[in-house]
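For reference, the structure discussed in these notes is given below.
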Ligand code: PHE
């Protein structure tokens, strides 16, 4: 087998992981989940989920990946636990399914870039969304998005992925700061900030069973956890980097981007009275395009916004393709470009289903069910099955003593499984209710 690639530097790894984390989840899903789940009340639960559950879970994936130097599936057998490969396989399956609908939404973004240039959505946000979100236009744009993703992944880890993300992440940050600054000048922005930032704890109490699974699913999705992606990325990492430090940087940067997206989106929604009406995959696009159609310089701002969204989506979709592709490359020793094309094509074909109006169904299946299941299993594995030698990978390259590792281990053993199992129970219940009440069909 060919020599395994590595990142060209620690910074290269961090950029790639942040590129994976920062995506449609931060800029599209986060503000709209927050808006439709009670604003700041959701934000509080979400931040708890990110830091108390997401951060330690990222460390699990990093430990497994760097220790084994394998993709998410082979990692478990490499560590000596061949009958746990299913835990990685669930994640790879989740990446694959997510890529199929992610690419459809990426295609929508491409259509909105075109619409910003031609003025296609001005004054008719709803009609425009209807015309591009399903059917042949959606499939065509989905094909374009997938083709670009395949081209980058075919180029390999260091060349394709590192180079693409080193350019995209700074661009996203700069553009979002600009958008947030513009948002602050809009009439009504104060109402937007208030809804976004001052929590009404009564809302948490009365909507607990819907806020918890949404916030947890959002936390896993946005941090790319439960997909095996972070296992695969850490497998290319040098032995002497500090996993906790890298993970902290990634979690904080990802959170900054999501919060910034909120600072851009909430004033826009408030300025056009669309603050609380937003739910579902499409309303986000309709509400924003509606706002861009009404606001001064909206068309230019819209163009900037959708370009940012496209960059963020691409730096994530490449990692969604990388997870299954690196598995096939390691396992069957086939050339990377061929694998990227093959896996990308199959995912494209599956994506034709969401491109016919089922993005919400795919999205909720991943958020509510696949991700909590995958995280539950890797936590049980790390907490109760893996030997201490593997667990000690956490402290390598750091000043952390055994005590810190043990503390983390107990958190992984007890707290994470209980919280995630409860989330999974709520997620399954809500998904089932959605299926039987016709929310998806
Ligand atoms: N984290 C990405 C987002 O927020 C989604 C993603 C998940 C990307 C898993 C890659 C792997 O959009």
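Please treat every number below as a calculation from the coordinates, not as lab data. Note that this is a predicted model, so its numbers are computed, not measured. So basically every Cβ, Gly included, is an ideal-geometry build from the backbone, and we count neighbours across all protein chains shown.
Assorted remarks:
- Order of 69, 338 under a 10 Å beta carbon neighbour criterion, fewest first: 338, 69
- Calculated from the alpha-carbon coordinates, the range 115-191 shows an Rg and a Dmax of 17.5, 47 Å respectively.
- Here the range 279-315 and the range 377-430 have alpha carbon centers that stand 38 Å from each other.
- Estimated [θ] at 222 nm from DSSP helical runs (n ≥ 4, -39500 (n - 2.57)) normalised by residues in the chain, nearest 500: -23000 deg cm²/dmol
- Prolate/oblate/rounded label for the range 103-236 (Cα gyration tensor, a/c 1.5): oblate
- FRET efficiency, 1/(1 + (r/R0)^6) with R0 22 Å, evaluated for residue 252 and residue 10 via beta carbons: 0.85
- Rounded, prolate or oblate (a/c below 1.5 giving rounded, otherwise prolate when a/b exceeds b/c) for the range 163-311 by Cα gyration tensor: oblate
- Cα gyration tensor category, rounded, prolate or oblate, for the range 307-437 with a/c compared to 1.5: oblate
- Over the chain, the hull volume per residue, using the convex hull of the C-alpha atoms, is 129 Å³.
- Listing 411, 7, 384 from fewest to most neighbouring C-beta atoms within 10 Å gives 384, 411, 7.
- Ranked by how many other Cβ atoms sit within 10 Å of their own Cβ, fewest first, the residues 153, 148 fall in the order 148, 153.
- A Förster radius of 41 Å, combined with the Cβ-Cβ distance separating residue 389 from residue 440, puts the computed FRET efficiency at roughly 0.35.
- Segment residue 174-residue 143, length gained on full extension (0.36 nm per residue, minus Cα span): 8.3 nm
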